[in-house]
Amino acid sequence: MANILIIYSTTDGHTRSICERLQNHVAAQHTVELVAMAEQPGIDLEPFDKIVIGASIRYGKHQPEVFDFIRRNQATLESKPSAFFSVNVVARKPEKNTPETNPYLQKFLRKIDWAPQNLAVFAGKIDYPRYDFMDRTMIRFIMWMTKGPTDPTLTIEFTDWNKVDEFARTVTEM
Ligand SMILES: Cc1cc2nc3c(=O)[nH]c(=O)nc-3n(C[C@H](O)[C@H](O)[C@H](O)COP(=O)(O)O)c2cc1C
C-alpha cells in the first residue's frame with residue numbers, strides 16, 4: 001500500500017471532481033490524500049510515495065500556481081513515480097484528446113523541466129449559467145469558432161469518465 005498525493009489546480013471545481021473520481025478508485029488499494037494547490041501551496045511532498053498533479057486550462061494556460069509548484073518541488077517530483085493530467089475543452093475533439101495531440105499539454109511539457117512518467121488529458125465542462133458576462137461571452141465566441149455549443153443556458157460535461165477510470169488504474173499501478 002502506497003501513500004499517494006493527488007493535488008489539483010482548479011477554477012470552477014471540475015478538476016476537483018475528476019480528482020475525487022480518481023481518489024475513489026485508487027483508495028481501494030492505497031492511501032490517498034486529495035489537496036487543493038491553492039490551499040496548500042507549500043505542502044511537503046516527502047511523506048508521499050507517488051504524486052499526481054491535475055490542472056485545468058483557462059484562456060489557453062494552466063494557472064501560474066502549477067508552474068510555481070512544479071518549480072519549487074522539481075527535485076522531489078523527479079525522485080518519485082508521478083503523473084500529470086490537464087483538463088480543457090479542446091480535448092472534447094477526438095483529434096486533440098491524447099497527451100500527444102492535445103496542444104495545451106504539449107505546450108505545458110515544453111515549458112517545464114519535470115517529465116511526469118504518466119500523462120493524461122480530459123475534456124472539461126462548460127457551465128454557461130455560472131460564468132460572468134465577460135467569461136460567458138468569450139467562451140461562447142470560442143465555442144462558436146470551434147463548432148461547439150453556444151446556448152448560454154447550457155451546462156455541458158464533455159468528460160469521458162471511462163477514460164478517467166482507466167487513468168485511475170494507471171495511477172494505482174504506477
Ligand atoms: C473563463 C474560461 C476560459 C477557458 N479557456 C479555455 C481555453 O482557452 N481552452 C480550453 O480548451 N478550455 C478553456 N476553458 C474550459 C475549461 O478548461 C473547462 O471549463 C474546465 O472544465 C475547467 O476546469 P476547472 O473547473 O477545474 O477549472 C475555459 C473555461 C473558462 C470558464
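No value in this document is a laboratory result; all are computed from the given coordinates. The shown structure was predicted, so the numbers you read here are calculated from the model rather than taken from an experiment. With ideal geometry, Cβ positions are generated from the backbone for all residues, glycine too; neighbour counts draw on all protein chains shown.
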Over the chain: helical MRE at 222 nm, DSSP H runs n ≥ 4 each giving -39500 (n - 2.57), nearest 500: -10500 deg cm²/dmol
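If the only charges are +1 at each Lys and Arg Cβ and -1 at each Asp and Glu Cβ, what is the size of the charge dipole of the chain around the Cα centre, to the nearest 20 debye?
640 debye
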Partners for K125 among lysines (Cα-Cα distance below 29 Å; same-chain residues under 8 apart left out): K50, K61, K93, K96, K107, K111, K147, K163
DSSP-defined antiparallel bridges as percent of all bridges, the stretch 14-132, nearest 5: 15 percent
Signed unit charges on C-beta, dipole axis of the stretch 28-154, positive-most listed residue P149, P81, A115: P149
Per-residue HN-Hα couplings for the stretch 101-116 [Karplus 6.51, -1.76, 1.60; θ = phi - 60°; Hz; x = Gly/Pro]: 10, 7, x, 5, 5, 5, 5, 4, 5, 6, 8, 10, 8, 6, 10, x
Magnitude of the charge dipole, the stretch 92-174, Cβ model with Lys/Arg +1 and Asp/Glu -1, debye to 20: 320 debye
